[in-house]
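Engineer: Handing you this structure, nothing more for now.
The values are calculated or read from the model by the stated rules, or taken from the named source; none is laboratory data. Here the structure is a predicted model, which means the values were calculated and not measured. Reconstructed Cβ throughout: ideal geometry from the backbone, glycine too, with neighbour counts over all protein chains shown. To get the accessible areas, we keep the full protein, side chains included, count just its heavy atoms, and leave off ligands, DNA and RNA. Shrake-Rupley method; radii C 1.70, N 1.55, O 1.52, S 1.80 Å.
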Amino acid sequence: MNRTLYLGRKRVGIELRQFFRDRESAIFNFALPMILLVIFGSVFAEQSVGFGDVTFSQYFLAGMIASGVLYTSFQNLAIAIPMEREDGTLKRLQGLPMPKASYFLGKVGLVFVAYIAQVTVLLTVGVLFYGIDLPSSAGKWMTFAWVSVLGLLSCTLLGLAFSVVPKHGRGASAIVAPIVLVLQFTSGVFFVFNQLPSWMQNFASIFPLKWLTQAMRYVFLPDGASAIEVSGSWQLGLCALVLIGWTIGGFILAMLVFRWTPRGSS
Amino acid sequence: MNAISVRGLTKRYGDLVAVNDISFEVGQGECLALLGPNGAGKTTTTEVLEGFRHADSGEVRVLGVDPRHGGLDWKARLGIVLQADRDLGDLTVREAVRHFAAYFPSPRDPEEVIEAVGLGSKAKSRNDRLSGGQRRRLDVALGIIGSPEVLFLDEPTTGFDPAARREFWALIESFKAEGTTILLTTHYLDEAERLADRVAVIAGGRIIACDRPSQLGDRSDGIARVSWIEDGRERQSTTDSPTAYVLALAQRLGGEVPQLSVHRPTLEDTYLALIDDLPGGES
């Protein structure tokens, strides 16, 4: 067990170096929310979302932080692991005296560190340039913490599972990015959620992102803004249930389908 | 006890029998080279020994352990150099070698290993900027960092220039001198001749010859081919007593024999003859 943790820690270090040095992954998984925040925040800066003086940039920041969960975990892993399967990374690791759990710990560590760094930058930009108020109550920060953790865990496990779908490392981003984009459009990231058609709202409610954005709005918007939620409330309990459900489901799925070798090489 | 022992190993992929009832042994500290055409079953055999693939039948032991059940302690005693990979591109040579040292209970000193494989001046280079030969030497560095008792080398010198290959051979010989058991897969006959104590020729999933490089096939028969020019025509003859033959020839021709050469079959000649003799043109 000690050895698993020791090597897991080593893996986190090496994963982080590779993540930030790989230009594509650093831009696509890490810098993208910041770029989008600057663009959307500038274009729709003062546009109202239908509650008091809450602006779209504030609404959008919550959506970008929720998206950050998806980018650093699901999108990152579902693109990187098919490449690792193809370029020999996973085969090399299999030949080493390394418990397989250390590899997964390395991925979890990478995801958490990348997310924390990303959120820190997003919040700094939001506070400095878009007039976003950080929550003042410890309760909201607690909510922020558990929502982030559950979101990262569920989407990490789903990323591990989904990594078996792309046939080739090179084409992985073309499969994964549209999925993330569709979820963002339907989950209240790019549009105000209660203005979407109800079939779209229902579709989005199946997946974690809708619940993540909603919970992030609870954290970063004034309390009364629940008035513009579809149900008129923040539904934090339901959010927790959905995320726990996806974490359990993602775990089972990842255990069942994760592969160390490319398809067709028994 | 042998470091590697293989009895009746068979491995199928669907209808294709990749390895067909192969048996061989590699003694402690010995270097065995596996030679054979592409698709002959060399890599499959190696990968079964490394634990990447499971045999359909047969008994395989590496350091006394069935690779199918080889745990982490067993893996810690192996060094594996797979066929060329492109991973670790975003790290430097030094970062990669240091990182891989962490997996092993008693690793070699990373700096010494980097020097030994001749990458001392490249230690701070990103791996994706190394040349083909340098990249391969990094793979070897990662294979030996754990001071393995058994070292698997799968086509280690592909892409090397001749000078780099000779340096590499000297490196492998130093591991042999330390008692490392080596299973070498290669397409280079001179490499096998220089490094291997024994060579096994695999074709069509079977071992068709296994012996010391100097004894393989008909090389031990002492048959030599003598060739010369006589009456403006190229002549040649095969004989098992070339010295006497040349003496007689010199007497008959009255002195210097034009264009005289005495040629003994090289390992390559012998290897190609073995492959050619196969039924059904398996090469």
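Engineer: Within region A:121-128, identify whether any single residue is assigned to a helix (DSSP H, G or I), open to solvent by 20 Å² or more (accessible area, probe 1.4 Å) and within 14 Å of chain B (Cβ to nearest Cβ), and answer yes or no.
Structural biologist: Within region A:121-128 (the criterion being assigned to a helix (DSSP H, G or I), open to solvent by 20 Å² or more (accessible area, probe 1.4 Å) and within 14 Å of chain B (Cβ to nearest Cβ)), the answer is no, since none of the residues qualifies.
Engineer: Exactly one of (1) touching a strand residue (DSSP E or B) at 6+ places or on another chain (Cβ under 9 Å); (2) surrounded by 23 or more Cβ atoms within 10 Å (Cβ to Cβ) is unmet by A:Arg92. Its number?
Structural biologist: The one condition A:Arg92 does not meet is (2).
Engineer: Can you confirm whether A:Asp22 is within 11 Å of another protein chain (Cβ to nearest Cβ) and touching a residue at least 40 places away in the same chain (Cβ under 8 Å)?
Structural biologist: Spelling it out, it is not the case that A:Asp22 is within 11 Å of another protein chain (Cβ to nearest Cβ) and touching a residue at least 40 places away in the same chain (Cβ under 8 Å).
Engineer: Go through (1) more than 21 Å from the chain's Cα centre (by Cα); (2) touching a residue at least 24 places away in the same chain (Cβ under 8 Å) one by one and return the number of the condition B:Glu50 breaks.
Structural biologist: Of everything listed in (1) more than 21 Å from the chain's Cα centre (by Cα); (2) touching a residue at least 24 places away in the same chain (Cβ under 8 Å), B:Glu50 misses just condition (1).
Engineer: Hey, another quick one. Determine, yes or no, whether A:Ala80 is at pLDDT 85 or above, under 27 Å from B:Phe100 (Cα atoms) and of a type in the set (A, V, I, L, M).
Structural biologist: yes
Engineer: Let me ask another. Could you tell me which of the residues A:Leu37, A:Leu77, A:Leu16 is in a helix (DSSP H, G or I), touching a residue at least 12 places away in the same chain (Cβ under 8 Å), within 20 Å of the chain's Cα centre (by Cα) and within 14 Å of chain B (Cβ to nearest Cβ)?
Structural biologist: It is A:Leu16.
Engineer: So for region B:79-92 (the condition being facing chain A (nearest Cβ under 7 Å), in contact (Cβ under 8 Å) with a residue 60 or more places away in the chain and buried (at least 20 other Cβ atoms within 10 Å of the Cβ)), does at least one residue qualify?
Structural biologist: yes
Engineer: Same structure, new question: Among strands (runs of 3 or more DSSP E) lying entirely in region B:185-254, which contain 2 or more residues that are among the basic types (Lys, Arg)?
Structural biologist: B:233-239
Engineer: Right, another one. For region B:18-68, which positions are of a type in the set (Lys, Arg) and either open to solvent by less than 20 Å² (accessible area, probe 1.4 Å) or away from chain A (no Cβ under 14 Å) (or both)?
Structural biologist: Matches in region B:18-68: B:Lys42, B:Arg61.
Engineer: Moving on to the next point. Hey, any hits in region A:88-103 for a residue that's away from chain B (no Cβ under 14 Å) and either farther than 22 Å from A:Pro208 by Cβ or not polar (S, T, N, Q) (or both)?
Structural biologist: no
Engineer: Go through (1) at pLDDT 95 or above; (2) surrounded by fewer than 20 Cβ atoms within 10 Å (Cβ to Cβ); (3) closer than 28 Å to A:Phe207 by Cα one by one and return the number of the condition A:Gly106 breaks.
Structural biologist: Evaluating A:Gly106 over (1) at pLDDT 95 or above; (2) surrounded by fewer than 20 Cβ atoms within 10 Å (Cβ to Cβ); (3) closer than 28 Å to A:Phe207 by Cα leaves (2) as the failure.
Engineer: Just give me the residues in region B:5-17 being assigned to a strand (DSSP E or B) and surrounded by fewer than 19 Cβ atoms within 10 Å (Cβ to Cβ), in sequence order.
Structural biologist: Answer for region B:5-17, where residues must be assigned to a strand (DSSP E or B) and surrounded by fewer than 19 Cβ atoms within 10 Å (Cβ to Cβ): B:Ser5, B:Arg7, B:Gly8, B:Thr10, B:Arg12, B:Tyr13, B:Leu16, B:Val17.
Engineer: For region A:149-159, which residues satisfy the criterion of being open to solvent by 10 Å² or more (accessible area, probe 1.4 Å) and under 12 Å from A:Met216 (Cβ atoms)?
Structural biologist: Within region A:149-159, no residue meets the criteria.
Engineer: Of these, B:Arg136, B:Arg108, which one is touching a residue at least 12 places away in the same chain (Cβ under 8 Å), more than 13 Å from A:Leu96 (Cβ to Cβ) and in contact with a helix residue (DSSP H, G or I) (Cβ under 8 Å, 6 or more places away or on another chain)?
Structural biologist: Within the list B:Arg136, B:Arg108, the selection yields B:Arg108.
Engineer: If you check A:Met83 against the conditions, is it open to solvent by 10 Å² or more (accessible area, probe 1.4 Å) and within 14 Å of chain B (Cβ to nearest Cβ)?
Structural biologist: Yes; evaluated as a whole, the condition is true for this residue.
Engineer: I would also like to ask the following. So in region B:133-175, with the set limited to residues that are closer than 14 Å to B:Thr186 by Cβ and assigned to a helix (DSSP H, G or I), which one is most open to solvent (accessible area, probe 1.4 Å)?
Structural biologist: The qualifying residue most open to solvent (accessible area, probe 1.4 Å) is B:Arg165.
Engineer: A follow-up question, please. Pairs under 6 Å by beta carbon, first residue within 22 Å of B:Leu82 (Cβ to Cβ) and in the same structural domain as B:Glu115 (by the TED database) in region B:170-187, partner modelled with pLDDT of 90 or more and among the aromatic types (Phe, Trp, Tyr), six or more apart or different chains?
Structural biologist: From residues that are within 22 Å of B:Leu82 (Cβ to Cβ) and in the same structural domain as B:Glu115 (by the TED database), the pairs are B:Leu183/B:Phe152.
Engineer: Further question: For residues in region B:69-78 being open to solvent by less than 20 Å² (accessible area, probe 1.4 Å) and touching a residue at least 40 places away in the same chain (Cβ under 8 Å), which is nearest to the other protein chains (Cβ to nearest Cβ)?
Structural biologist: B:Ala76
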